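These notes are about the structure you will find just below.
Computed from the coordinates by the stated procedures, all read-outs in this text should not be read as laboratory data. Note that the structure is a prediction, hence the values are computed from the model and not measured.
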Amino acid sequence: MIAKVRHDFKLMKSARADYRSDRWVVALILKVLRSITPPPHPLPMLNKKIISTLGAASLCAGLMYVLTPLSINGADVAPAAPAAPVAKGPPLALPFNDDFESGELKTDIWTPHVANGGTVTLVQGKGGYGKYVLQAHLPAAVNRSIALVGTTRLPDALSSHAFGRAYVYISPNGPPQHTVLTYSGTAGWPQSNWLEVGMYKGAVQTSYQQQMQGLAREARGEAVAFGKTLPTGKWFCLEWEVNDAPDSLTVWADGEEVSKDVFTFKTFGNTNLVKGFADFGFGVRTFGQVPDGLDVYYDNVAFDSKRIGPLKSPPAPMPATP
């Protein structure tokens, strides 16, 4: 959405470099506002007197200022990916573990969230455990790609406190921008409230995202924390614990605690922010471009009401590239 507005803004600059075609500027501003926001629109009534006083350039800058909060660290108000059919069925038994050895993504469990060239597939020959692993792939030089899967079939026993575990291989190194690896939140991701395990410049970034559909713009946003560096170029055991009372997230990598934070959001406090975990997902999403593409591989993804821990044997290494 914001990219579209910026594109129109650049078009306006190139077509009217002197910013003197006031009516054209106002028409474009109103067109953009009406296309992305319900009435009343966030800018006051515009007329020629206001334009002559402020100048069209100031109005354009103001428009961008008003619209920028609609994309908070990339967490869009509008859906970030086309809606996929939600996997339905009875609650899954705990502990739940998917080793992907069926050779096909279990669409009765996992709902794909893919956009802008992102893909989620099961592949062979990547080490890990068994024959298959899940590959979440983002293409090179494409903005805001998404390659995630989620499930709403975990039982209510995890609605306020849950643990996750996955074996993960990140290739190449983690991208410099904010990158999501897992989410735990209300149904309807990304228009939901959720706790995130992610990366930023190779280190852990965790966050609370308040993006539930129907919230006023001023009630949306995020609280962010940072931890230690995550391994890349090798299989490692990623574990996480999410809690809604208080809203907190602990992350381990190969048994070492790399992040532990309690999130306070604006005036909403730090308890029952999410309002119940119902949707658990993993994969990769980035806010920006990945110059060389990005692959995150997953194996033995598990969820339970208590810490799961690593498997008894280590994963097979990723084969060397010929």
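The table for this structure:
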quantity	calculated
Along each principal axis, Cα extent of the range 121-193, largest first, Å	36, 33, 18
Sequence-distant residues sharing a close amide H with residue 142 (under 5 Å, placed H)	290
Spatially proximal aspartates and glutamates relative to residue 260 (Cα-Cα < 17 Å; intrachain offsets below 8 disregarded)	196, 222, 239, 241, 244, 247
Distance violations [Cα-Cα > 26 Å] among 88/234; 131/228; 275/306; 88/228; 88/201; 234/266	88/234; 131/228; 88/228; 88/201; 234/266
Cα gyration tensor of the range 87-304 - equivalent ellipsoid semi-axes, whole Å, descending	24, 20, 17
Sorted largest first, extent of the range 200-322 alpha carbons per principal axis (Å)	53, 37, 24
